[in-house]
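Worksheet: the structure to be examined is printed underneath.
The values are calculated or read from the model by the stated rules, or taken from the named source; none is laboratory data. This structure is a prediction, so every number in the text was calculated from the model and none was measured. Cβ: placed from backbone, ideal geometry, glycine included. Neighbour counts: every protein chain shown.
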Amino acid sequence: MPDMTALQDIVQTESQGIRTERNMIQPDLTTVLCTTTAILLACCYFFLQHRRNENHRKLPPCPVRPWPVVGNIFSIGEDIRAQFKAWHKQCGGVFSIYFGSTLVVVVSGFRTIKEVFVHKGSVTSNRPEMFMNEAIGMGETGIVFTSGVIWKELRSATLQILKEFGMGTNLLAEKIQEEVTCYLEKLIKMRGEPVNLQHFTRVSVSNVISSIIVGKRFSHEDPRYKETVASLMRVAESSRGATAINFLPFLKYIPGDLFQAKKIQVNMTNVKDLLVEIVSEIEGTA
């Protein structure tokens, strides 16, 4: 009679071999999900590329084929002007590039710019939505970033107010001359000592605007006004980082303040607080 123990070992070995083959044939759930995701992403990419190619037929030429998600961002070197100049020679005065998924049409050359923005200004006067406007809390207001009907109304109202403040008259020249005199007197008092002209110039330019709009100029040593001018400069410096969010909107949801959007909001709050204080003081003395 055959040995029962040996038969049981043979059956067990064969069962283990069958299970191993089944495990090798049947992929796990993670592999299936990864494969499915890769296939879907590939389909989306080719679909978007097909749509983009269809739209390209109606757009100016693109000097470099854009990459998915990032567009032509990595095709631009450290000197963007030199790169645009090279693309101008390659494609002419009007060409298309992509910053992220945002289409940007670049216009270069005096005659081309005049044709696009002067002769056809009614077609090209609109502005895209900018994250900077959102960061400083302006929303859909403000003459810089708005467009369409709102921009036309704001422009008309702004020009009318500036005319009442003296724009185009001798009043503006008088305010500038007065500030220039104060500027020179301040430099004379320094008696040849090293001085940061950048700070003095910023305060003087701001004083011209303040004297026209609120009827008051500030001392170069006024700590409150110095901090306000510094806040405006920090807003301008921080806006460089926030520019990336205009083309890659999902970046604003990244935790922290990588693109200095929160810094812009804090500094603009300081500027607004000073303006409120100045207006309150003027109303109190009126």
Could you list all residues from segment 230-243 that are buried (at least 17 other Cβ atoms within 10 Å of the Cβ) and at pLDDT below 80?
S238, S239, A242
Out of the residues in segment 130-172 meeting the condition of being of a type in the set (D, E, K, R) and free of Cβ contacts under 8 Å to residues at least 12 places away in the same chain, tell me which one is surrounded by the fewest Cβ atoms within 10 Å (Cβ to Cβ).
E164
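Does K175 satisfy the criteria of being among the charged types (D, E, K, R), closer than 29 Å to V279 by Cα and surrounded by 11 or more Cβ atoms within 10 Å (Cβ to Cβ)? Don't jump to the end; show me each part of the working.
Working: among the charged types (D, E, K, R): yes; closer than 29 Å to V279 by Cα: yes; surrounded by 11 or more Cβ atoms within 10 Å (Cβ to Cβ): yes.
Answer is yes for this residue.
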If you scan segment 266-286, which residues turn out to be more than 15 Å from S210 (Cα to Cα) and loosely packed, with under 12 Cβ neighbours inside 10 Å?
E283, G284, T285, A286
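Answer yes or no as to whether V69 is over 22 Å from the mean Cα position of the chain (by Cα), modelled with pLDDT under 85 and not assigned by TED's automatic domain parsing to the domain that holds R240.
Working: over 22 Å from the mean Cα position of the chain (by Cα): no; modelled with pLDDT under 85: yes; not assigned by TED's automatic domain parsing to the domain that holds R240: yes.
For V69, the condition - over 22 Å from the mean Cα position of the chain (by Cα), modelled with pLDDT under 85 and not assigned by TED's automatic domain parsing to the domain that holds R240 - is not met.
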Does segment 224-235 contain any residue that is in contact with a helix residue (DSSP H, G or I) (Cβ under 9 Å, 6 or more places away or on another chain), charged (D, E, K, R) and free of Cβ contacts under 8 Å to residues at least 12 places away in the same chain?
no
